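The values are calculated or read from the model by the stated rules, or taken from the named source; none is laboratory data. Computed from a prediction, not measured in an experiment: that's the story for all the values here. Positions of Cβ are generated from backbone atoms using ideal geometry, with glycine treated the same way; all protein chains shown enter the neighbour counts. For accessibility, only protein heavy atoms count, side chains too; no ligands or nucleic acids. Shrake-Rupley method; radii C 1.70, N 1.55, O 1.52, S 1.80 Å.
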There are 4 protein chains.
Amino acid sequence: MRLSELAPDVQASVRATRERVARLHAELPANGLVVWTAGNVSERVPGADLFVIKPSGVRYSELSPDNMTVCTLEGEKIDDGTPSSLSPSSDTAAAAYVFRHMPEVGGVVHTHSTYATAFAALHRPIPCVLTMMGDEFGGEVPVGPFAIIGDDSIGRGIVETLRSSRSPAVLMANHGPFTVGKNAEAAVKAAVMVEEVARTVATAQLLGDPVPVAQDHIDALYQRYQNVYGQH
Amino acid sequence: MRLSELAPDVQASVRATRERVARLHAELPANGLVVWTAGNVSERVPGADLFVIKPSGVRYSELSPDNMTVCTLEGEKIDDGTPSSLSPSSDTAAAAYVFRHMPEVGGVVHTHSTYATAFAALHRPIPCVLTMMGDEFGGEVPVGPFAIIGDDSIGRGIVETLRSSRSPAVLMANHGPFTVGKNAEAAVKAAVMVEEVARTVATAQLLGDPVPVAQDHIDALYQRYQNVYGQH
Amino acid sequence: MRLSELAPDVQASVRATRERVARLHAELPANGLVVWTAGNVSERVPGADLFVIKPSGVRYSELSPDNMTVCTLEGEKIDDGTPSSLSPSSDTAAAAYVFRHMPEVGGVVHTHSTYATAFAALHRPIPCVLTMMGDEFGGEVPVGPFAIIGDDSIGRGIVETLRSSRSPAVLMANHGPFTVGKNAEAAVKAAVMVEEVARTVATAQLLGDPVPVAQDHIDALYQRYQNVYGQH
Amino acid sequence: MRLSELAPDVQASVRATRERVARLHAELPANGLVVWTAGNVSERVPGADLFVIKPSGVRYSELSPDNMTVCTLEGEKIDDGTPSSLSPSSDTAAAAYVFRHMPEVGGVVHTHSTYATAFAALHRPIPCVLTMMGDEFGGEVPVGPFAIIGDDSIGRGIVETLRSSRSPAVLMANHGPFTVGKNAEAAVKAAVMVEEVARTVATAQLLGDPVPVAQDHIDALYQRYQNVYGQH
């Protein structure tokens with residue numbers, strides 16, 4: 001598939017998505033979620049069976065709309081104007097699986113942020129001990145299975161875990177957090193929030209036994225928060 | 001109530017307050033107290049039964065005097081020139097309750113800063129083991145009750161806890177710190193200091209048993225500090 | 001004493017010291033050692049019985065050579081051209097005591113940096129488990145007595161503790177670190193290094209039992225390091 | 001040996017190396033790996049038996065291609081145009097030993113980054129509990145022997161430890177991490193990654209018992225990662 005041969009409105013939609021995704025990558029280092037090249041943002045192209053994702057091995061300071069790679073929902077890079085030497089992120093297959101199986105998801109983010117990844121190394125969910133977690137995650141942040149790159153097992157693990165939870169974040173075992181949202185910005189926000197609550201809950205667990213929030217309070221917080229625009 | 005119909009001196013006072021509050025919000029991310037939109041500053045308008053607070057869901061980099069919302073002491077947004085789609089922070093009812101019941105308070109700040117919130121998740125006060133805590137807090141930083149958004153219970157919890165303490169900061173259970181001051185800048189300073197002492201005391205508690213400061217020393221530190229302008 | 005009536009070369013020396021001290025204050029927030037106004041740098045004026053110190057209650061971003069206060073070795077502010085409302089730091093008496101009693105000391109720094117202050121809250125020295133500590137501190141970083149502002153007890157505690165140690169840093173109990181050096185820059189470096197080693201050693205102590213460096217190795221490291229200019 | 005008398009292509013190669021090494025030093029403070037002057041980068045000069053290393057005692061903000069020192073593989077500074085008062089880093093002998101004994105290594109980095117150094121103070125390797133560690137380190141990050149400056153013992157300890165491991169990083173006991181790579185940039189990346197995994201694994205170990213990654217999975221991750229360019 002060649003980008004320059006697609007319908008003009010699809011080309012415009014790809015362009016806008018590349019601009020958003022390039023810009024949102026800056027949030028990852030700005031929020032302390034990544035070092036070097038270890039994290040990426042992807043977003044479904046509105047109106048097309050395509051998504052945009054970070055190129056592999058390129059540092060954040062060098063990202064621009066022009067080097068964002070464009071892939072089919074099967075995870076294959078199209079002829080998008082970038083050099084053939086520029087591969088899409090090694091997490092492309094996982095993101096593609098999510099976009100294929102969760103039509104409500106418009107954005108996916110993966111990081112190895114420190115505290116969330118520490119819970120992942122323990123195969124331990126982040127318990128809901130903060131009202132902010134009720135708001136954002138509707139309960140605990142769950143752990144997904146151990147899986148390594150090479151087939152669909154990472155993508156499948158993400159989708160199966162998220163489907164049995166209200167959380168937009170999953171901690172893949174020994175690996176790190178993947179987050180989803182209606183678009184890339186929402187997935188970035190979830191990546192920021194999962195690290196924030198992981199850091200706070202880890203600190204509380206080191207100091208003692210944090211007090212759980214009762215289920216009916218979690219439900220009330222989650223319902224209110226999901227039904228209002230904006231907060232705080 | 002329409003801002004443009006208020007007396008000119010009140011309009012000028014609102015304007016000056018909006019400028020201060022917009023500017024002080026920059027201190028929250030600069031001091032590492034917040035991520036995304038998760039914290040806010042509010043300040044009573046001198047000479048009027050109004051206060052200014054952050055709009056809901058707007059990121060810190062987009063705040064300006066013009067999008068600060070203006071509310072009555074009942075927590076109702078007035079016709080302040082901002083679009084009707086822009087709601088005041090979801091913490092507005094809590095701030096309004098504080099301004100109504102604590103006339104000496106001119107500023108309120110709420111964050112979910114990591115270490116202070118970890119103590120809040122444990123329902124554990126921060127014990128006074130630092131001379132800096134004697135200076136700033138006059139003793140331990142107390143814990144307030146568990147309360148969720150929807151009625152006056154957060155505001156009431158803040159006020160009742162602060163009234164039985166010398167501390168300008170309260171750790172609302174499972175939620176996070178609220179701080180007060182004679183104006184917004186003083187409340188921001190208290191928000192910065194409560195996270196600083198929470199981080200230091202948490203580290204000390206993880207390593208061992210920090211030594212309490214004796215009550216007479218706390219009293220001496222607090223009296224001296226509150227009666228001089230400036231320090232260090 | 002009036003600055004403008006002192007000999008021209010003394011006035012020039014005061015000016016140069018004010019510039020150095022104002023500039024070095026920027027290192028405190030840049031190195032994460034302080035929040036708000038909670039730390040200060042002071043330096044003896046070469047060729048005069050005077051020293052320069054931060055004014056009280058002024059934020060780091062507002063410091064300039066012109067608002068640095070000039071004091072006698074008794075800790076009295078001279079008529080230095082700043083407004084009479086601008087007081088020298090509340091740590092002035094402690095710094096003055098050090099300058100009077102340790103003629104080899106040209107600079108003093110005080111902070112409440114997190115990890116060093118956590119050790120201070122425990123009344124626990126930082127043990128020498130790093131080669132870097134052998135280099136910089138010649139052994140453990142010692143704890144000084146509990147003392148509060150109001151007389152010479154802080155200054156005396158600093159001096160007595162430093163005299164029985166090779167360390168340029170002392171952790172004043174429940175308070176925080178004070179560091180000294182041949183000039184203000186050396187004292188700032190010691191303040192940076194004491195927090196660095198406190199953070200590393202605290203992390204090691206939380207994880208297990210760090211292995212001490214043998215005394216003869218400490219001695220060899222310290223001798224080499226103190227006799228060469230520059231390192232790393 | 002005088003730089004200005006070397007063949008023009010060697011002089012050009014030295015110049016390019018100095019520019020790379022000066023620029024890469026900025027990554028050390030930017031990634032939070034160093035304070036003050038406590039870390040350095042060195043790189044072999046392509047086409048010559050020389051390497052470039054940071055000058056001793058110079059702060060990161062003052063580094064430029066012109067003050068990078070040029071040394072023989074014996075660790076002797078050549079007449080490189082810098083003042084004779086400017087000595088190469090005190091870690092020069094260690095880097096020289098590595099360059100002499102590991103011809104495949106083109107870059108060496110040394111830091112005292114907090115978490116990696118905490119493991120070093122415990123004489124404890126960082127266990128492979130993260131898929132990222134399988135990728136980057138091919139297993140645990142090993143500990144090297146205790147050694148102090150003065151002979152070849154640091155360099156020998158680095159080389160012997162790295163030779164019995166797939167890891168490009170070694171934690172020298174009570175001292176800190178040394179990392180290697182095909183060039184200086186790769187060694188800087190390894191220095192960034194070793195601190196990242198040390199921080200994550202330390203946090204997991206404080207909270208509980210992180211789950212090891214099985215050896216066959218480590219092997220699969222390492223093989224894949226080392227055979228593709230770029231990642232994430």
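Quick notes on this one:
- Shielding by partners, peptide D:205-214 (average Cβ within 10 angstrom, other chains): 6
- The stretch C:46-81: GluC sites (Glu not before Pro) in DSSP coil with no more than 13 other Cβ atoms inside 10 Å: C:Glu74, C:Glu76
- Measuring between their Cα centroids, the stretch D:1-62 and the stretch D:155-191 lie 18 Å from each other.
- Inter-chain Cβ neighbour average for residues B:167-176, partner chain, 10 Å: 3
- Taking all pairs of distinct alpha-carbon atoms in the stretch C:46-121, Kirkwood radius in angstrom: 13.5
- Taking a quarter of the surface of the Cα convex hull of the protein assembly as shown gives a mean projected area of 39.7 nm².
- Isotropic mean projected area of the C-alpha convex hull, the stretch B:43-89 (nm²): 3.2
- Largest GNM mean-square fluctuation across D:Thr17, D:Thr92, D:Thr200, computed for chain D with C-alpha springs under 10 Å, falls on D:Thr200.
- Just so you know, the averaged projected area of the alpha carbon convex hull for the stretch C:140-232 sits at 7.3 nm².
- Rounded to 10°, Cα long-axis angle of helix A:92-101 versus longest principal axis of chain A: 80
- Expected-Rg normalisation [2.2 N^0.38 Å, Cα atoms] applied to the stretch C:3-227: 1.01
- Helix C:153-163 vs. chain C, principal-axis angle (Cα, 0 to 90°, nearest 10): 50
- Springs join every pair of Cα atoms under 10 Å in this Gaussian network model of chain B, and among B:Asn31, B:Asn67, B:Asn40 the largest mean-square fluctuation is at B:Asn31.
- Here the stretch A:130-232 is treated with +1 on each Lys and Arg Cβ and -1 on each Asp and Glu Cβ, and its dipole about the Cα centre works out to around 160 debye.
- With respect to the axis relating copies A and D by rotation, the chain A residue whose beta carbon is closest, plus that distance in Å, is A:Leu206, 4.
- Residues in the stretch C:143-161 reached by a label modelled at B:Gln223 [backbone nitrogen below 16 Å; 7 Å Cα→Cβ]: C:148-151
- Cα-based reach from A:Lys189 at 23 Å (exclusive), listing lysines while leaving out same-chain residues under 8 positions away: A:Lys54, B:Lys54
- Degrees, to the nearest 10: B:184-207 long Cα axis against longest axis of chain B: 30
- Structural descriptor for the stretch C:3-227: relative contact order 20 percent, calculated from alpha carbon pairs under 8 angstrom and at least 6 residues apart.
- Taking A:Ile126, D:Ile149 and ordering them by how much accessible surface each has at a 1.4 Å probe, largest first, produces D:Ile149, A:Ile126.
- Shielding by partners, peptide C:192-201 (average Cβ within 10 angstrom, other chains): 4
- Other copies of B:Pro65: label-to-label distances in nm, shortest first, labels 7 Å along the beta-carbon direction: 3.4, 3.4, 4.8
- Dipole check for the protein assembly as shown: with +1 at the C-beta of Lys and Arg, -1 at the C-beta of Asp and Glu, and the Cα centre as origin, the magnitude is about 140 Debye.
- Qualifying aspartates and glutamates (Cα of each under 15 Å from Cα of D:Lys182; at least 8 residues distant if same chain): D:Glu43, D:Glu104, D:Glu136
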